[in-house]
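The structure under discussion appears below in the form of structure tokens.
The values are calculated or read from the model by the stated rules, or taken from the named source; none is laboratory data. Given the structure is predicted, the values throughout are model-derived calculations rather than measurements. All Cβ positions, even for glycine, are placed from backbone atoms using ideal geometry, and neighbour counts span all protein chains on display. Ligands, DNA and RNA are stripped out before the accessible areas are found, and what is left, the full protein with its side chains, is counted by its heavy atoms. Shrake-Rupley method; radii C 1.70, N 1.55, O 1.52, S 1.80 Å.
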Amino acid sequence: MQVLSKSITLNRTSLTVYKNYDATLKATTEPADQAVRWESDDESVVTVENGVLTTVGLGETTVRAIVDEETYAVCTVEVKMPVLSLNANSIEIAVGETFSLQAETEPLFVLVSFGSNNNSIATVDYFGKVTGVAIGKTYIIASTEKGSLAFCTVNVVEKTVEVYEEGYSNKDHKNTDDGFILCTQPLSQILLTK
């Protein structure tokens, strides 16, 4: 009677998984459809059941797919903390102006939600566009469904306008081609002098 040799392979020999995210290993056996037992060398990092990896803590361990004592395959698994970062940690915008916050995540392609701590000072839409509403300070919160957070401080200042005045010069003003003087002033200051 011929004795068939056994073998087992995994679809990955090393894998990086982010905390609170699951992953799955697939085992292929020869002959096919052999029973496979799964083990993790360190269940404080990762547990495994039927090839499904569940993260527990940060670190590195080895996951084993076992047919018998002589037939098994291993995968090195590293668990890392997810990353959420923004293209700005603090911004200054005028009332009515906008700024687009952009999020970067690890792992990639994670849905990021945005919210404002005070919508009466600054609002933010679904895509991360911040709009200054009133003078003051607040912050924008970016978050993922797995609990990662990032913050951006927003300082909303008074809107300035460009006005043209004739007959004087100032080192902070610049001459224009038509002989007028261009100066930038807060809108409230202009209104008070009218």
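Distance from the Cα centre of the stretch 96-124 to that of the stretch 27-47, in angstrom? Taking the Cα centre of the stretch 27-47 as reference, the centre of the stretch 96-124 is 41 Å away. Summing +1 for each Lys or Arg and -1 for each Asp or Glu among the other residues whose beta-carbon sits under 12 angstrom from that of G96 gives -1. Between A32 and E78, what FRET efficiency comes out of the Förster formula 1/(1 + (r/R0)^6) with R0 = 30 Å and r the beta carbon distance, rounded to 0.05? Efficiency, from the Cβ-Cβ distance: 0.50. A Förster distance of 25 Å, applied to the separation of the beta-carbon atoms of Y21 and D41, puts the FRET efficiency at 0.80. Note on the stretch 37-130: with neighbouring protein chains present and a 1.4 Å probe, carbon and sulfur make up 46 percent of its accessible heavy-atom surface.
For the stretch 123-140, the Karplus equation 6.51 cos²θ - 1.76 cosθ + 1.60, evaluated at θ = phi - 60°, returns couplings of 10, 9, 9, 4, 8, x, 7, 8, 10, x, 10, 8, 5, x, 10, 8, 9, 9 Hz by residue, with Gly and Pro reported as x. Compared with the direct C-alpha span, the chain from I135 to K6 gains 39.2 nm at full extension, assuming 0.36 nm per residue. Rounded to the nearest whole Hz, the Karplus-based 3J(HN,Hα) values (6.51 cos²θ - 1.76 cosθ + 1.60, θ = phi - 60°) of the stretch 144-152 follow the sequence 10, 5, 8, x, 6, 10, 9, 10, 9, with x at glycine and proline.
All other residues with a Cβ under 12 Å from the Cβ of P82 taken together, and with Lys, Arg as +1 and Asp, Glu as -1, what is their net charge? Before the final figure, lay out the partial values.
Numbers: positive: K19, K80, K146; negative: E104, E106, E145.
Spelling it out: positives minus negatives among the neighbours equals 0.
Judged by the gyration tensor of its Cα atoms, with axes a ≥ b ≥ c, the stretch 1-110 is prolate; a/c meets the 1.5 cut and a/b is the larger of a/b and b/c.
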